[in-house]
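Data block below; observations after.
The values are calculated or read from the model by the stated rules, or taken from the named source; none is laboratory data. Bear in mind that the values here come from a model prediction, so they are computed numbers and not experimental data. Heads up, the Cβs are rebuilt from the backbone with ideal geometry, glycines too, and the neighbour counts pull from every protein chain shown. Please note that ligands, DNA and RNA were not included when accessible areas were found on the heavy atoms of the full protein model with its side chains. Shrake-Rupley method; radii C 1.70, N 1.55, O 1.52, S 1.80 Å.
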Amino acid sequence: MKKIALMGHIVAGFPSFETSLKAAFGIAQGGAEYLEVQFPFSDPNADGIVIANACEVALQGGFNTDLGFEFIAKLQEKLAQNNLTTKLLIMTYGNILFCYGVKKFLKKAKQCGVYGLIVPDLSLHNDEKVFQKAKKIGLENIALIAPLTKPKRMKRLSKASGAFVYVVARNGITGDTTQIDASLLRYIELVKKHCEKPIALGFGIQSKEQIDALRGIVPIAIVGSAFVRYIDKICKEEGEISEKLCAFTKELLGD
């Protein structure tokens with residue numbers, strides 16, 4: 001079976017600080033090579049209802065940017081204690097960086113051992129030099145490519161991006177299932193033709209079957225809403241959340 005890396009996703013502070021920390025650790029235990037730690041935002045315009053609701057719960061619980069960095073630091077410590085090497089990326093929106101201070105945010109992220117950033121609403125050349133500053137400080141700022149992105153811009157985004165590019169599988173918001181069909185495969189081939197960086201494919205990837213269909217096509221599959229939905233579900237049940245998230249992650253990877 002061809003190898004594919006998994007990027008998981010949690011909303012920090014959903015449904016609580018400690019529960020989301022346990023969930024994040026479980027995903028790492030399950031074999032996710034990357035984990036998006038979303039710093040919740042009040043108007044997450046790229047996110048569907050599942051993640052938007054999770055952000056709202058976290059914010060109502062008092063979650064803020066400083067707690068986000070505390071969350072990252074505690075998770076890094078827990079990963080190190082268990083010899084886990086999952087790379088952590090902060091996923092959030094531009095307003096969070098601007099309100100905190102871009103330089104201060106990037107410096108704090110680096111100090112916490114963050115691997116990279118995903119900021120969907122900061123486009124290249126309209127990003128207050130976040131791409132440039134992140135690269136200078138040693139953070140992988142990940143550019144997004146969408147179905148309507150022109151080939152010429154794909155090349156620019158690939159060049160500016162960090163270690164890989166985040167390819168949005170379809171137009172719209174997160175949450176709905178994406179069909180791994182001929183149209184999507186043609187789109188992926190177009191991106192490959194114009195991008196020198198590896199592809200991480202996200203938006204609507206929710207099952208082992210989808211991930212298996214992407215093996216040998218993209219090196220990284222991103223699962224977001226499905227993790228957040230599962231966290232919400234198991235919080236209403238009995239059992240250890242880290243163990244359940246570990247098992248769910250292994251199931252997605254076919255382990």
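Which residues, taken from the stretch 71-89, are part of a helix (DSSP H, G or I) and over 23 Å from I142 (Cβ atoms)?
K74, E77, K78, A80, Q81
Given (1) open to solvent by less than 60 Å² (accessible area, probe 1.4 Å); (2) modelled with pLDDT under 95; (3) at negative phi, where does Q179 come up short, assuming only one miss?
The number of the failed condition is (1).
Among the residues of the stretch 24-43 satisfying the criterion of being assigned to a loop (DSSP other than H, G, I, E, B) and touching a residue at least 60 places away in the same chain (Cβ under 8 Å), which is surrounded by the most Cβ atoms within 10 Å (Cβ to Cβ)?
A32
For G162, state whether it is more than 17 Å from the chain's Cα centre (by Cα), within 26 Å of I10 (Cβ to Cβ) and open to solvent by less than 70 Å² (accessible area, probe 1.4 Å).
No; evaluated as a whole, the condition is false for this residue.
Among what's in the stretch 49-103 and is modelled with pLDDT under 95 and under 24 Å from A5 (Cβ atoms), pick the residue that is nearest to the chain's Cα centre (by Cα).
In this case the residue turns out to be T92.
For the stretch 13-23, name all the residues that are open to solvent by less than 10 Å² (accessible area, probe 1.4 Å) and either outside any helix (DSSP H, G or I) or over 16 Å from E56 (Cα atoms) (or both).
Filtering the stretch 13-23 for residues open to solvent by less than 10 Å² (accessible area, probe 1.4 Å) gives 13, 20, 23.
Result: G13, A23.
Residue pairs, Cβ under 6 Å, 6 or more apart or interchain, first in the stretch 106-131 and farther than 25 Å from R153 by Cα and free of Cβ contacts under 8 Å to residues at least 40 places away in the same chain, second among the basic types (K, R) and open to solvent by less than 20 Å² (accessible area, probe 1.4 Å). List them.
none
Sort out which residues of the stretch 44-70 are outside any helix (DSSP H, G or I) and under 23 Å from Y166 (Cα atoms), and write them in order of number. Steps first, please.
Filtering the stretch 44-70 down to residues outside any helix (DSSP H, G or I) leaves 44-48, 61-64.
Within the stretch 44-70, P44, N45, A46, D47, G48 qualify.
Restricting the stretch 219-254 to residues that are more than 17 Å from the chain's Cα centre (by Cα) and small (G, A, S), which is surrounded by the fewest Cβ atoms within 10 Å (Cβ to Cβ)?
That would be G239.
Output the residues belonging to the stretch 138-151 that are without any contact (Cβ under 8 Å) to a residue 40 or more places away in the chain and either more than 13 Å from L97 (Cβ to Cβ) or among the hydroxyl-bearing types (S, T, Y) (or both).
Hits for the stretch 138-151 are G138, A143, L144, A146, L148, T149, K150.
What is the residue count in the stretch 117-139 for residues that are outside any loop (DSSP other than H, G, I, E, B), in contact with a helix residue (DSSP H, G or I) (Cβ under 8 Å, 6 or more places away or on another chain) and closer than 24 Å to L59 by Cβ? Before the answer, list the steps.
Here is the first cut: in the stretch 117-139, the residues outside any loop (DSSP other than H, G, I, E, B) are 117-118, 130-137.
Those still in the list that are in contact with a helix residue (DSSP H, G or I) (Cβ under 8 Å, 6 or more places away or on another chain) too: 117, 130-131, 133-134, 137.
Filter once more, so that each one left must be closer than 24 Å to L59 by Cβ: 117, 130.
Adding up the residues that qualify gives 2.
Go through (1) open to solvent by less than 50 Å² (accessible area, probe 1.4 Å); (2) within 18 Å of Q38 (Cβ to Cβ) one by one and return the number of the condition D127 breaks.
All conditions are met except number (2).
Only one residue in Y187, Y100 is under 15 Å from G202 (Cα atoms) and either open to solvent by less than 30 Å² (accessible area, probe 1.4 Å) or not charged (D, E, K, R) (or both), so which one is that?
Y187
When only residues in the stretch 190-218 that are in contact (Cβ under 8 Å) with a residue 24 or more places away in the chain and charged (D, E, K, R) count, which is surrounded by the most Cβ atoms within 10 Å (Cβ to Cβ)? Give the derivation first.
As a first pass, look at the stretch 190-218 and keep what is in contact (Cβ under 8 Å) with a residue 24 or more places away in the chain: 190-191, 193-208, 210-218.
From the residues that got through so far, the ones that are charged (D, E, K, R) too are 193, 196-197, 208, 212, 215.
Working: K193: 10, E196: 10, K197: 19, K208: 13, D212: 17, R215: 14.
Ranking the candidates gives K197 first.
Which members of the stretch 59-83 meet the condition of being of a type in the set (A, V, I, L, M), crowded, with 16+ Cβ neighbours inside 10 Å and out of contact with any Ser or Thr (no Cβ under 8 Å at 6 or more places or on another chain)?
First pass over the stretch 59-83, keeping only residues of a type in the set (A, V, I, L, M): 59, 67, 72-73, 75, 79-80.
From what is left, the residues that are crowded, with 16+ Cβ neighbours inside 10 Å are 59, 67, 72, 75, 79.
Listed by number, the residues that qualify are L67, I72, L75.
Conditions first: (1) surrounded by 24 or more Cβ atoms within 10 Å (Cβ to Cβ); (2) in a loop (DSSP other than H, G, I, E, B); (3) among the hydrophobic types (A, V, I, L, M, F, W, C). I10 passes all but one, so which condition is the exception?
(2)
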